[in-house]
1. Quick test for you: out of 110, 37, 103, pick the one residue that is at positive phi, at pLDDT below 90 and not charged (D, E, K, R).
2. Would you mind telling me which numbered condition in (1) surrounded by 10 or more Cβ atoms within 10 Å (Cβ to Cβ); (2) closer than 30 Å to residue 101 by Cα; (3) not hydroxyl-bearing (Ser, Thr, Tyr) residue 89 fails?
3. Which numbered condition trips up residue 9, out of (1) under 20 Å from the mean Cα position of the chain (by Cα); (2) loosely packed, with under 12 Cβ neighbours inside 10 Å; (3) not hydrophobic (A, V, I, L, M, F, W, C)?
4. Quick one: in segment 12-53, which of the residues that are over 15 Å from residue 1 (Cβ atoms) and of a type in the set (Asp, Glu) is surrounded by the most Cβ atoms within 10 Å (Cβ to Cβ)?
Amino acid sequence: MCLSIGQASQALGTSISTLSRWEQEGTIAAAYRTPGGHRRYSLRVLQDSFGLIADATSRITAAYARVSSSDQKEDLDRQRQRLDDYCSRETKNYEVIDDLGSGLNYKKRGLKN
């Protein structure tokens, strides 16, 4: 199955301009071009090259709630509840991560795998 550049960019979670740049750099190649010059990308090649998950329902959505101080604990609970409500309506697989701290730190316990 071949995808248009818009479909391929959506599947990869990138912009169309990023896909065009990757093609110019040789990172990815279009399977073919239509007579009108439109690119078509092979779904199988995208899955193999970029580790795409064929079934989008098996993806996990991560939601992040944060406040900067412990006296805002009630605000954190409210944020977490709103994110939980939204994610439960929009997707099946999700996880809400909450954090208490003055800045985003990728080494924090809640953000590590």
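The values are calculated or read from the model by the stated rules, or taken from the named source; none is laboratory data. These numbers were taken from a predicted model, which means no experiment stands behind them. Heads up, the Cβs are rebuilt from the backbone with ideal geometry, glycines too, and the neighbour counts pull from every protein chain shown.
1. Working: 110 fails: at positive phi; 103 fails: at positive phi.
When all the criteria are applied, what remains is 37.
2. (1)
3. Looking at each condition in turn, residue 9 falls short on (2).
4. Checking each candidate, the answer is 23.
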